[in-house]
Amino acid sequence: MDLGVESVRRVNGRGRPSPHLSVKFDSHIFSIDTSRSPQRSFQPDAYLITHAHSDHYGKSAMLSERGIASEETARALEIRYGKKYKGRTFKVGEKIEANGVEIATFATGHTIGSAAFLWKNEVGTRTLVTGDVKDYRALPKCDFLISEANYGDPYDKNCIFDDDLLGFSEALETRAATFGAYAFGKAQRAVALIRAMGYKGEIGMDAQSLALTEALMADRGPFAEVSDGLNVVTPWNLSKVKGRNKYVLTGRNDYYYPTIRLSDHLDFRGLMKMIEHVNPQEILVYHPGGQMSNMLAQHLQQQGMKATALDGIEKFLP
């Protein structure tokens, strides 16, 4: 409370903590990447939606008029879930107001339209919520950092990596490769890389990946139905595509098909550089919950920083 900020969680109807957290400051509450509160529960000033991946719960928060998301994130939510986004939108880099609080927004490079949020409270504390991050260079200095830890375990060798752009380029040279990529985020990055590496021909895509790509990317080139040529499909559709050259674009290592290391997150080294860049007094690691966040928070504590993980929040609201 020295910074005038308190992290809290909500208890759902089953008596369990709702996803992620809310932040209390002054007379305000902002909910961060969490599901919508039921009518009988407290209602925050805003639901801040950093991006449209399902583990950030925009599917629920998009139905509230208090939702705040970038234009691209709102459009992606509509395409993914077939529902009308009811909240307010902004262009990444703009400022938006929520119940008298001015919120600045910043690009994070995780998905098209992914955004971080920064605001000040009455005592001048700058709170920064990053969501998931691939590129931290646009992020500002802050006092209280609320951030991700997807690859936050310093003792796990899989959390330290570089993207395998060479492997991707070599697979692309066959002109008959199928890349497995999540429909939102990774699929658009794959298309951008394919075009940047000089391929101007048709790319086969499954229906949802194509819908998202066409809605979110201006310079995307021609597409076609999935064939025995070059394709980008969701990982679970790889078995439906003819041909042998199939790869999953991921930072994980638990797929049946060969993988090409291509992550939309910072690795552990990048997370540490990001923290140095924004230079906070206190840090809360909120995503994902569990071991990864706990490991990063513990490491930061060992480095002399004031840090906690989502599991360490002890204040709950009904």
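Comparing Cα centroids, segment 183-260 and segment 157-177 end up 13 angstrom apart.
Other residues whose C-beta falls under 15 angstrom from the C-beta of LYS83 contribute a net charge of +4, scoring Lys and Arg +1 and Asp and Glu -1.
Which net charge results when you count Lys and Arg as +1 and Asp and Glu as -1 among the other residues whose beta-carbon is under 15 Å from that of ASP33? Cβ neighbours under 15 Å give a net charge of +2. About the centre of its Cα atoms, the chain shows a dipole size close to 760 debye [charges on the beta carbon of Lys, Arg (+1) and Asp, Glu (-1) only; nearest 20 debye].
Considering only Cα atoms, the convex hull volume of segment 249-302 works out to 100 Å³ per residue.
Dividing the convex hull volume of the alpha carbon atoms of segment 216-318 by its residue count gives 208 Å³ per residue. With only the Cα atoms considered, segment 162-261 has a convex hull volume of 90 Å³ per residue. Each principal axis of the Cα cloud of segment 57-150 was taken in turn, and the coordinate range along them, longest first, works out to 40, 30, 21 Å.
Per the Debye formula on identical point scatterers at the alpha carbon atoms of the chain, with no solvent, log10 I(q)/I(0) at q = 0.07 Å⁻¹ is -0.29. What's the longest bit of the chain with no exposed trypsin sites (Lys or Arg not before Pro), using DSSP loop states and at most 14 other Cβ atoms within 10 Å as the test? Result for the longest clean stretch: 253-314. Taking amide H atoms as placed 1.01 Å from N in the peptide plane, the amide H of ASP267 has no partner under 5 Å among residues 5 or more positions away or on other chains.
The angle separating the long axis of helix 186-196 from the principal Cα axis of greatest extent in the chain is about 50 degrees.
Between the beta carbons of ASP135 and GLU97, assuming R0 = 25 Å, the FRET efficiency works out to 0.40 to the nearest 0.05. The amide H of LEU21, built 1.01 Å from its N in the peptide plane, has ILE32 as neighbours under 5 Å, considering only residues 5 or more places off or on other chains.
Looking at segment 181-279, which chymotrypsin sites (Phe, Trp or Tyr not before Pro) are DSSP coil and have at most 15 other C-beta atoms within 10 Å of their C-beta? The qualifying sites are TYR255, TYR256. To the nearest ten degrees, helix 71-81 and the longest principal axis of the Cα atoms of the chain are 70 degrees apart. Stretched out straight at 0.36 nm per residue, the stretch from MET197 to LYS240 would grow longer than its current Cα-Cα span by 12.9 nm. Going by neighbour counts of Cβ atoms within 10 Å, the residues MET62, MET305 line up, fewest first, as MET305, MET62. Considering all different alpha carbon pairs of segment 1-86, the Kirkwood hydrodynamic radius works out to 13.2 Å. In the chain, the calculated helix contribution to ellipticity at 222 nm averages -6000 deg cm²/dmol per residue, counting -39,500 (n - 2.57) for every DSSP H run with n ≥ 4. Please work out the C-alpha center-to-center distance from segment 109-156 to segment 48-83 and express it in whole Å. Comparing the Cα centres of segment 109-156 and segment 48-83, I get a distance of 18 Å.
Values quoted throughout were computed directly from the atomic coordinates according to the rules given, and no laboratory measurement underlies them. Computed from a predicted structure; not experimentally measured. Every residue, glycine as well, gets a Cβ built from its backbone with ideal geometry; the counts of neighbours run over all protein chains shown.
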